[in-house]
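As C-alpha cells, the structure follows; a few thoughts come after it.
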Amino acid sequence: MLLDLAESRTLPERSELDSIYETLIQEMNAQAQVITFNRRVVGLNDGETVPVTRLGPFLAVADDGGPIFVQWVSDDAGSRSGYNLVSLERQPPGRILGAASNLINADAGEVVAGPVDPSRGSLLQIYKDVPDLGERFEQGGIVAKIIAALLIISASFGIFRLLSLLMTTSAINAQKRRSTASKSNPLGRIMLAYEEVKNRPIETIELKIDEAILRETPKLEFGLNFLKLAAGVAPLLGLLGTVTGMIRTFTQITLFGTGDPKIMAGGISEALVTTVSGLIAAIPLLFIHSFAASFARGAQQTLEEQAAGIIARHAEEKSAG
C-alpha cells in the first residue's frame, strides 16, 4: 500500500490516509504476538507447508521434526513479487535450538523461556561465520593433523596394552589358585623355572627365579615408554603449531598492517587450535600411561611376592627334611 502511494502521481484520498495508521496499529499489535501458521519453507519438507512459529518481528522458527530458524527473503530484490521463508545457512548452537523447541512445543497461554533476536535476524546470521568443530580442526593446519594421528595411534596402542595387562593380571590371579603350572602366564613360567632347579642349592634356585622374573618384566612394561613419550610430545607439537601460527600472524602484520583483524585471524587460529589439540591429546595419553604402568607394576609385584613365597616354602621344606 505504501509503495502504491509513493508511486502515485495524485493526492491520496482520505481512506488511503486512514489505512496508513490503521496498518501501523495492526503491525504494532502483531509485534506483540506469538503465532503459529503453516507456510512453505524453501528447502524443507519437499516444498510442503510446515508449522512456523513467529515471535513478533524478532524471529521465526519452523517445525520440521525439530526447530529450524528461518528468515524472510525477497523473491527478487527491488520488486513487489513477495517474500519467501528460507532456513538459515547454519543453525545456532544447541542451547538456542533447545529454547526454540520449548517455544514451538508450548501450549496456548503457557509461559516458556524462548530465544529473542532484537536485531531481527542479524545476530542469528552471525552463526554462519562461526566455524564448526571440523572447520576449527582444519584451521590447525598440518600440525593439528599430526597431533590427531599421534593421538589415534597412541590411544589405540595404549588401550590394547591396557587390555593385555588386564588379561595378564587375570591369568596370574588364576594361576595363584592352581598348583599346576602353565606356560600361558608369567607366574606359571616362573613356577616351571622353579620346578627345573628345585633339587639344586637355594642360591641357584633364587638366581633362576630372579632370571625368570627379569624375562617377564620387559613383556609387562612393553610400550609404556612409547605412551609416555607420546604424552610428552603432543603438547610440544601444540607449542610448535603455536609458534608457526604466530610467525604467520606477524608476517601478515608486516605485509598488511593491523587495520583488518580478519587478516591475522588465520595465524591466530592456527596458534590456538594447535595448542588446544596438543593438550587434548596429552591428557588422555597421560591417563592411559598411568593406568597401564599401574597394572604393570601390580603384576610385577605379584610375581615377586609369589617368587619369594616359593623360595620360602622351599627353604622350610629343606629345613624340615
Spin-label pair LEU88/LEU166, simplified geometry with 7 Å Cα→Cβ offset, distance in nm: 4.2 nm
For peptides 178-188, 194-204, sequence by mean Cβ density within 10 Å, most packed first: 178-188, 194-204
Cα coordinate range in the range 136-320, projected on the principal axes (Å, largest first): 93, 26, 17
Pairs of lysine residues in the chain - Cα separation under 24 Å, sequence separation of 8 or more or cross-chain: 15
Compactness of the range 214-308 as Cα Rg over 2.2 N^0.38 Å, two decimals: 1.74
Kyte-Doolittle mean at least -1.0, axial Cα span of 24 Å or more - DSSP H helices of the chain: 14-31, 141-176, 202-220, 224-256, 261-320
The range 46-159, Cα convex hull volume normalised per residue, Å³: 197 Å³
The range 142-222 - convex hull of alpha carbons, volume per residue in Å³: 86 Å³
Efficiency of FRET between SER74 and ALA149 - r from beta-carbon atoms, R0 45 angstrom, step 0.05: 0.40
Net +/- balance of residues flanking ALA144 in space, Cβ distance below 13 Å, scoring K and R +1, D and E -1: -1
Cβ crowding within 10 Å averaged over residues, with 30-40, 164-174, 87-97, 228-238 ranked highest first: 228-238, 164-174, 87-97, 30-40
The range 84-157 and the range 41-69: distance between their alpha carbon centers, rounded to Å: 18 Å
Mean residue ellipticity (222 nm) of the chain, computed from DSSP H runs ≥ 4 via -39,500 (n - 2.57), nearest 500: -22500 deg cm²/dmol
Ordering of 261-268, 299-306, 272-279 by packing [mean C-beta count within 10 Å, highest first]: 272-279, 299-306, 261-268
Inter-site label distance for LYS219 and SER319 at 7 Å from Cα along Cβ, in nm: 3.3 nm
Length-normalised contact order of the chain in % [C-alpha pairs under 8 Å, at least 6 apart]: 14 percent
For the chain, the spread of Cα positions along each principal axis, largest first, Å: 130, 57, 32
Distance (nanometres) between label positions extended 7 Å along Cα→Cβ at LYS198 and SER156: 4.5 nm
Sites ILE283 and ILE142, calculated FRET efficiency, Cβ-Cβ separation with R0 25 Å, nearest 0.05: 0.70
Geometric extent, Cα atoms of the range 104-241 - Rg, Dmax (angstrom): 29.3, 93
Per residue, the convex hull volume that the Cα atoms of the range 1-113 enclose (Å³): 129 Å³
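None of the figures in this text is laboratory data; all of them are computed from the coordinates on show. No experiment lies behind these values; they were computed from the predicted model shown. Positions of Cβ are generated from backbone atoms using ideal geometry, with glycine treated the same way; all protein chains shown enter the neighbour counts.
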